[in-house]
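See structure below.
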Amino acid sequence: MQLTQGPLRISFCARTDPLPWFEALRKELPQAQLEAWSRGAQPADYAIVWAPPQQFFDEQTQLKAVFNMGAGVDALLKRKIAAQLPIVRLNDAGMGVQMAEYVCHALIRHTRQFDVFEAQARAGQWHEPVPLERGHYPVGILGMGVLGERVARAVAALDFPVLAWSRSPKQVAGVKSLFGATQLPAFLAQTRVLVNLLPLTPETENLLNRSTLTQLLPGAYLINVARGRHVVEEDVLALLDSGHLAGATLDVFRTEPLPPEHAFWRHPRVTVTPHIAGRTLVPETVAQIAGKIRALEAGLPIEGMVDRSRGY
Ligand code: NAP
Ligand code: GLV
């Protein structure tokens, strides 16, 4: 990689107000020239993007790296991007703790029966149901990457049995690691609360369907905080209605925003949130990206390079 001569040029391309980003970038990289991309813009050295149009890559041919403003690169990889251009995803950047909060909240709400108490309170009912035993609620985490591991540690700290499924084996205290397609059935058969933190790739799309979800322990609970396209939504509805799934907390959907007529909105055992489980935080994200730009300019390696052959 050639070192930049003169001031660094950074192009920003996302459907969000660039001003807070520029303010934070100016503090981190005071010499950089910042520009919100529009057609015909000057060539930049680095880009910070979320779901940019194809024209962005067609025009910006002198980039040295492109930084995704999120952890998941599924939308970005739909674009035609020069094979040699490094694509860098966010590594946590403040999302891990948010994911841990979100998943623990959904897990505790279900297993401490707060969902039941909310319904009882609305009806003015005072009733103490039999408590659930946490040992009967093994939590299975699909995806044991940056976010999956943070969530696994948080759940294990609450004394739930925890297992995780990934492509390669992992060693995390208190977490049973299963890996590869051949161990997926064993993982599902031991899981009652399923947390999805996989990247969306051709291998993982539609993975959560009638066949796989039926293999979960009866009365299973689904927490999807990864991507909507992992899930066959009609199959989730059918398994909720059959009682095999006790409920679901869903942050992501095949169509976002979730259409007003979608059955998930009205299902009494489904909780919907608007894709907020792990939000991109400006200060943390800019600090991480600026640190990586400085490292690249110094010829040093960085974390978070996307492997396009794997799709994450
Ligand atoms: P990551 O670090 O890349 O981790 C991905 C994990 O999935 C890895 O453990 C990987 O296994 C595993 N995996 C990938 N393909 C697999 C396969 N075919 N079979 C088994 N395991 C597989 O990603 P991350 O930073 O944790 O983020 C995960 C996802 O969360 C993102 O891709 C994004 O879709 C989603 N997300 C959602 C929100 C939200 O607000 N809802 C926010 C941020 C991220 P190996 O470790 O063996 O490679
Ligand atoms: C959000 O969904 C992300 O991938 O960061």
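The figures follow:
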| quantity | calculated |
| --- | --- |
| Distant-in-sequence amide H partners of residue 176 (H built 1.01 Å from N, under 5 Å) | 162, 163, 164 |
| Residues of type aspartates and glutamates that residue 170 reaches as a straight line, Cα spacing below 17 Å, ignoring anything fewer than 8 places off in the same chain | 149 |
| The range 95-272, accessible area per residue, ligands and nucleic acids excluded (1.4 Å, Å²) | 48 |
| At q = 0.09, 0.11, 0.15 Å⁻¹, base-10 log of I(q)/I(0) for the chain (Debye sum, equal scatterers on each alpha carbon) | -0.52, -0.74, -1.17 |
| Amide proton proximity set for residue 33, modelled H, under 5 Å, gap of 5+ | 8, 9, 10 |
| The chain: relative contact order as a whole-number percent, Cα under 8 Å and 6+ apart | 17 |
| Per-residue HN-Hα couplings for the range 25-35 [Karplus 6.51, -1.76, 1.60; θ = phi - 60°; Hz; x = Gly/Pro] | 5, 4, 5, 7, 10, x, 7, 6, 8, 10, 9 |
| Between helix 146-156 and the chain: long-axis angle, C-alpha atoms, 0 to 90°, nearest 10 | 30 |
| On Cα atoms only, tilt of 233-242 relative to the major axis of the chain in degrees | 10 |
| DSSP loop GluC sites (Glu not before Pro) with at most 13 other Cβ within 10 Å: longest gap in the chain | 1-132 |
| Per-residue [θ]222 nm for the chain (sum of -39500 (n - 2.57) over DSSP H runs n ≥ 4, rounded to 500) | -8500 deg cm²/dmol |
| DSSP bridge orientation in the chain - percent antiparallel, rounded to nearest 5 | 5 |
| Rounded to 10°, Cα long-axis angle of helix 95-111 versus longest principal axis of the chain | 10 |
| Candidate lysines - alpha carbon under 18 Å from residue 292, same-chain residues fewer than 8 apart omitted | 27, 64 |
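The values are calculated or read from the model by the stated rules, or taken from the named source; none is laboratory data. Note that the coordinates shown come from a computational prediction; the quantities given were computed from them, not determined experimentally. Here the Cβ is made from the backbone with ideal geometry for all residues, glycine too, and neighbour counts use every protein chain on show. Each accessible area value is taken on the protein alone, full model and side chains, heavy atoms only, with ligands, DNA and RNA left out. Shrake-Rupley method; radii C 1.70, N 1.55, O 1.52, S 1.80 Å.
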